[in-house]
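The values are calculated or read from the model by the stated rules, or taken from the named source; none is laboratory data. If you're wondering where the values come from, they're calculated on a predicted model, not measured in any experiment. So basically every Cβ, Gly included, is an ideal-geometry build from the backbone, and we count neighbours across all protein chains shown. Note: areas computed on protein heavy atoms with side chains; ligands, DNA, RNA excluded. Shrake-Rupley method; radii C 1.70, N 1.55, O 1.52, S 1.80 Å.
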Amino acid sequence: MGAALEDDAAYWVVYLTAVSTSAVPLVAVLAAFSQMSPWSASFVGRLLSVPPSVGICLACADLLGISSLLLVRDKVPVCSYWTAWWVLLILGEAAAVLLTPQHPCMTMPGLIVTGPVVLFSQRKLLFKDVPSSVWCRVQLVSSGSSAAASLLAWSAWIFVGFPGRSRWFDWTEPFSAMVVEGKITWKLAFVLWAGPLGCSAVLGLIAVVYWVRLHYLRLHSKDDQDAFIADSVKQLLGWLVVGAMLVWIGASISATEEREDMRDETIYMAFGLFICLGLWLMRTYGNDAFAGMVGQSKSKAASEAQSILNNDWVKACLLLVAVVPFLLYWLVYCSVSRLWPQNKPWPLIEIWSHWQWTSVNVKAIWLGVIYVFFVATFGKITIVLLAMTNEAISDWPVISVSIIMFLIGFVTFMFPSSPAAPVYVLMGLVIVNSAHLRGWSFEAGLAWATFVTFAMKLAFTAAAQKWIGEPLGKQPWVQRAIGIHTPYMRAVEDILKEPLSVAKTAILIGGPDWPVAVLCGVLGLPLLPTLACVSPVLVQSVFPCVLSGALLYFQHGHRDHADRAGGSSPALEVSGLAEVSLLVAGALQFATGIVAFVCVQEVLERDYDRLSTLRPQDAWLKELDDREEARSRCLHRLTCWEDLPWALRLALTFGLVFVEWSLMLLTGPWHDIWGVACFRNFDLTSSVEEDLGGNPWAIVQPLGWVALGLAGLAAGSLGYYYAFVAGLKVDVEDDEGVALRRNLTESPTKMYVTT
């Protein structure tokens with residue numbers, strides 16, 4: 001076929017086939033589901049009569065079939081393979097169509113990419129001899145033209161309008177009626193209204209990916225190819241992150257009592273997009289190409305990040321998040337290996353064989369327990385305590401309320417895991433509430449609350465730096481735990497030691513409050529320049545969060561006070577503005593964090609040779625690292641998973657299972673499925689007396705107690721493990737410290753162990 005492309009007729013056959021293959025499924029999807037189509041309302045109405053269980057069964061069968069087909073793809077005839085492939089494709093599309101009324105955000109992307117998926121089969125069956133560069137150009141033209149056509153059609157529909165429309169974002173009458181009658185959800189109607197725009201975005205992204213691939217193939221030098229794909233992937237991921245953030249913010253702003261919240265769907269779709277893009281890149285370019293990207297781009301930050309990814313804590317986090325897919329992968333591998341002996345292990349099995357499974361398992365349990373007790377549970381407790389504070393002191397005089405809120409915020413910030421935004425919001429809520437009840441204007445109360453909150457933030461920064469950071473900085477274990485001798489932390493130190501700069505300000509206000517303030521003390525930084533660079537937090541977080549709290553008072557709390565006083569509530573329409581203000585604070589926090597990351601990366605790239613050279617004053621830290629590495633090697637050898645007692649292995653296995661169950665109970669959408677949740681809905685404007693019946697612990701529902709109990713059992717397995725390790729008495733002799741580094745270099749298996 002490659003030679004045949006010299007003929008213009010054959011050349012155009014490939015293009016026309018590809019364009020029609022991409023356009024026909026798109027037209028079918030828009031005709032069946034878009035509100036532009038006059039047939040979509042009746043089609044959706046018919047789908048509502050089909051039980052959702054039918055679509056779920058088809059989807060499960062399709063996934064099982066796809067898994068089986070991937071396993072036997074090299075052991076069945078080509079004709080049988082592609083026949084099964086087409087059957088599974090049709091089955092998957094049918095499942096997506098039937099599940100669209102219930103899960104439109106999950107199924108519509110699958111329907112949209114039908115054209116590119118069919119083109120994949122055509123490439124394998126009909127156009128195998130077409131050069132890769134030509135096929136990339138074909139995919140670019142077909143996907144790009146379909147995306148442009150979908151966008152133009154939707155734009156024309158929006159511009160021209162339809163009978164009965166008063167605003168450009170109104171829905172057609174049949175769908176509006178179905179939403180009002182409760183036949184379909186608001187989310188489904190919105191997805192069907194914005195469907196053509198979504199089609200254009202997905203197909204446009206596919207076109208961009210093939211444009212990158214086309215330019216990659218046009219480069220002749222391997223170094224140029226690696227550098228180009230590294231820069232392209234970096235820019236593409238950056239734009240996708242920004243786009244996902246903007247869509248999430250838009251979904252948050254638009255969420256009202258009439259409009260459903262689509263933030264979770266935005267996160268799910270973004271996560272799925274990144275997974276699909278990563279799998280495509282790995283399949284297209286391979287692991288060697290990605291290694292070449294890091295090397296050829298000469299990115300020291302990428303090299304450092306690559307070394308960090310080999311850490312057991314990173315592996316533990318990956319295991320904790322993906323333990324179910326990992327387990328299924330392992331079970332399938334074991335089953336297939338018994339039926340068809342493998343010449344070499346599958347890629348993930350090969351990678352897992354080099355993991356220190358005892359260490360990874362223990363660290364995964366630690367991460368799960370920390371999340372359950374210090375993130376999920378402590379966050380709920382903090383909200384309840386702050387809401388109780390709001391109830392107790394909101395009616396007090398302004399000065400008394402301000403002093404108490406200053407102290408509460410200050411003490412709360414002294415805990416490392418305390419969230420900053422709820423404290424700022426509560427201070428705005430309570431202080432503005434008290435000021436309003438004393439006859440202050442809204443502007444005066446807001447200004448005073450902002451001043452008190454800002455003063456509290458500066459006081460906390462000074463106290464954490466002087467009272468916590470400087471004393472801890474003298475402790476060897478703290479310096480080693482922070483890693484002040486590593487290139488990354490030395491780059492951060494160089495920035496923080498600058499007198500005044502944008503980079504220093506970005507790190508101080510873009511990072512977490514407690515760690516950054518304490519780090520300044522550990523590094524021995526002067527206080528006044530630190531406070532000067534922290535001061536922009538007034539605009540970045542303090543004022544937007546305080547404004548959000550003040551608006552929450554007028555949005556939720558002012559009517560209760562007005563009713564008790566026998567007066568009327570302020571004529572101020574603030575519905576949704578509190579959420580918008582809080583989102584602005586979140587967006588600014590995210591932006592400053594990105595700026596801080598970029599600034600650190602620039603310093604690391606520019607001065608990597610100097611930063612990676614060991615300083616004389618850090619030699620003892622390097623020595624401690626070497627000693628700890630030797631001790632870790634000894635511990636890994638003595639606690640090898642195969643050599644552990646069966647009871648300990650059973651305990652650690654059940655510990656991981658328990659913490660996984662706990663996390664699934666805490667994070668799963670069980671309220672939408674079963675109508676039960678781990679915690680009651682409770683926020684800063686809620687009342688313990690009215691919403692929790694006067695019992696703060698009532699915020700935890702029975703399912704939540706089960707989750708906490710499972711996490712407690714997982715923590716018990718850690719206790720058993722550390723009791724076992726304590727009996728080993730693993731240590732490195734002090735008098736052998738001089739020879740330690742030489743022994744590690746010459747013979748990694750030669751350990752110094754005292755048992």
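Out of the residues in segment 343-362 meeting the condition of being without any contact (Cβ under 8 Å) to a residue 24 or more places away in the chain and touching a helix residue (DSSP H, G or I) at 6+ places or on another chain (Cβ under 7 Å), tell me which one is least open to solvent (accessible area, probe 1.4 Å).
Looking at residues that are without any contact (Cβ under 8 Å) to a residue 24 or more places away in the chain and touching a helix residue (DSSP H, G or I) at 6+ places or on another chain (Cβ under 7 Å), I get Ile349.
Counting only residues that are free of Cβ contacts under 8 Å to residues at least 60 places away in the same chain and among the acidic types (Asp, Glu), which one in segment 486-528 is least open to solvent (accessible area, probe 1.4 Å)?
Glu493
Taking Ser150, is it touching a residue at least 24 places away in the same chain (Cβ under 8 Å), closer than 18 Å to Val14 by Cα and of a type in the set (Ser, Thr, Tyr)?
Working: touching a residue at least 24 places away in the same chain (Cβ under 8 Å): yes; closer than 18 Å to Val14 by Cα: no; of a type in the set (Ser, Thr, Tyr): yes.
In short, no.
On the given criteria, is His636 more than 21 Å from Ser353 (Cα to Cα) and open to solvent by 40 Å² or more (accessible area, probe 1.4 Å)? Outline the logic, then answer.
Values: more than 21 Å from Ser353 (Cα to Cα): no; open to solvent by 40 Å² or more (accessible area, probe 1.4 Å): yes.
So His636 fails the test.
Hey, can you tell me all the residues within segment 601-619 that are β-branched (Val, Ile, Thr) and either under 12 Å from Ile495 (Cβ atoms) or part of a helix (DSSP H, G or I) (or both)? So that I can check it myself, show each step before the final result.
As a first pass, look at segment 601-619 and keep what is β-branched (Val, Ile, Thr): 603, 613.
Within segment 601-619, Val603 is the sole residue that qualifies.
Do we find that Trp477 is free of Cβ contacts under 8 Å to residues at least 60 places away in the same chain and part of a helix (DSSP H, G or I) in this structure? Walk me through it before giving the result.
Numbers: free of Cβ contacts under 8 Å to residues at least 60 places away in the same chain: yes; part of a helix (DSSP H, G or I): yes.
Taking the combined requirement at face value, the residue satisfies it.
How do the helices (runs of 4 or more DSSP H) wholly within segment 1-91 filter down when requiring 1 or more residues that are of a type in the set (Asp, Glu) and modelled with pLDDT under 80: which remain? Step through it out loud before you land on a result.
Numbers: elements: 8-33, 40-47, 52-71.
Of the helices (runs of 4 or more DSSP H) lying wholly inside segment 1-91, those with at least 1 residues that are of a type in the set (Asp, Glu) and modelled with pLDDT under 80 span 8-33.
Suppose we filter segment 81-109 for residues that are farther than 19 Å from Ser53 by Cβ and open to solvent by 20 Å² or more (accessible area, probe 1.4 Å); how many remain?
Taking segment 81-109 first, the residues farther than 19 Å from Ser53 by Cβ are 81-90, 105, 108-109.
Add one more test, that the residue is open to solvent by 20 Å² or more (accessible area, probe 1.4 Å), and what stays is 81-90, 109.
Counting residues in segment 81-109 that are farther than 19 Å from Ser53 by Cβ and open to solvent by 20 Å² or more (accessible area, probe 1.4 Å) gives 11.
For segment 529-538: of the residues being buried (at least 19 other Cβ atoms within 10 Å of the Cβ) and among the hydrophobic types (A, V, I, L, M, F, W, C), which is farthest from the chain's Cα centre (by Cα)?
Only one residue tops the list, namely Cys533.
Here is a check on your reading of the model: is Lys187 open to solvent by 10 Å² or more (accessible area, probe 1.4 Å), among the charged types (D, E, K, R), part of a helix (DSSP H, G or I) and in contact (Cβ under 8 Å) with a residue 60 or more places away in the chain?
Details: open to solvent by 10 Å² or more (accessible area, probe 1.4 Å): yes; among the charged types (D, E, K, R): yes; part of a helix (DSSP H, G or I): yes; in contact (Cβ under 8 Å) with a residue 60 or more places away in the chain: yes.
In short, yes.
Condition test on Ile431, is it among the β-branched types (Val, Ile, Thr) and open to solvent by 50 Å² or more (accessible area, probe 1.4 Å)? Give the derivation first.
Numbers: among the β-branched types (Val, Ile, Thr): yes; open to solvent by 50 Å² or more (accessible area, probe 1.4 Å): no.
Judged against the criteria, Ile431 is not a match.
Out of the residues in segment 205-215 meeting the condition of being open to solvent by less than 20 Å² (accessible area, probe 1.4 Å) and of a type outside the set (Val, Ile, Thr), tell me which one is farthest from Phe175 (Cα to Cα).
Leu214
Taking helices (runs of 4 or more DSSP H) that do not extend beyond segment 668-729, which have at least 3 residues that are modelled with pLDDT under 85, open to solvent by 40 Å² or more (accessible area, probe 1.4 Å) and closer than 26 Å to Leu386 by Cα? So that I can check it myself, show each step before the final result.
Numbers: elements: 670-674, 688-691, 702-728.
Ranges flagged: 688-691.
Looking at segment 733-743, is at least one residue at pLDDT 85 or above and assigned to a helix (DSSP H, G or I)?
Filtering segment 733-743 down to residues at pLDDT 85 or above leaves none.
No, segment 733-743 contains no residue that is at pLDDT 85 or above and assigned to a helix (DSSP H, G or I).
Of the residues Ser132, Ser142, which single one is open to solvent by less than 70 Å² (accessible area, probe 1.4 Å), touching a Ser or Thr at 6+ places or on another chain (Cβ under 7 Å), touching a residue at least 40 places away in the same chain (Cβ under 8 Å) and not aromatic (Phe, Trp, Tyr)?
Working: Ser132 fails: touching a Ser or Thr at 6+ places or on another chain (Cβ under 7 Å).
Being open to solvent by less than 70 Å² (accessible area, probe 1.4 Å), touching a Ser or Thr at 6+ places or on another chain (Cβ under 7 Å), touching a residue at least 40 places away in the same chain (Cβ under 8 Å) and not aromatic (Phe, Trp, Tyr) holds for just one of Ser132, Ser142, which is Ser142.
Filter segment 640-652 down to residues that are in contact (Cβ under 8 Å) with a residue 40 or more places away in the chain and within 21 Å of Leu318 (Cα to Cα) and give me whichever is surrounded by the most Cβ atoms within 10 Å (Cβ to Cβ).
Leu652
Every residue in segment 42-53 that is closer than 25 Å to Phe162 by Cβ, of a type outside the set (D, E, K, R) and open to solvent by 20 Å² or more (accessible area, probe 1.4 Å), please. Steps first, please.
Keep residues of segment 42-53 that are closer than 25 Å to Phe162 by Cβ, which gives 42-48.
Filter again for of a type outside the set (D, E, K, R), leaving 42-45, 47-48.
Ser42, Phe43, Gly45, Leu48, listed by residue number.
Name the one entry in Leu458, Leu429, Leu496 that is within 22 Å of Gly409 (Cα to Cα) and at pLDDT 90 or above.
Numbers: Leu429 fails: at pLDDT 90 or above; Leu496 fails: within 22 Å of Gly409 (Cα to Cα).
It is Leu458.
Are there any pairs with C-beta distances below 6 angstrom linking a residue in segment 452-474 that is acidic (Asp, Glu) to a residue that is open to solvent by less than 10 Å² (accessible area, probe 1.4 Å), with the two at least 6 apart or on different chains, and if so which?
Hits for this filter: Glu470/Gly521.
So which residues in segment 377-397 are assigned to a helix (DSSP H, G or I) and among the acidic types (Asp, Glu)?
Across segment 377-397, the qualifying residue is only Glu391.
Determine which member of the set Glu660, Glu623 is open to solvent by 30 Å² or more (accessible area, probe 1.4 Å), assigned to a helix (DSSP H, G or I) and touching a residue at least 12 places away in the same chain (Cβ under 8 Å). Step through it out loud before you land on a result.
On the way: Glu660 fails: open to solvent by 30 Å² or more (accessible area, probe 1.4 Å).
That would be Glu623, the only listed residue that is open to solvent by 30 Å² or more (accessible area, probe 1.4 Å), assigned to a helix (DSSP H, G or I) and touching a residue at least 12 places away in the same chain (Cβ under 8 Å).
Could you check segment 363-379 and list, in sequence order, the residues that are open to solvent by 60 Å² or more (accessible area, probe 1.4 Å) and at pLDDT 80 or above?
Scanning segment 363-379 gives Trp366, Ile370, Tyr371, Phe373.
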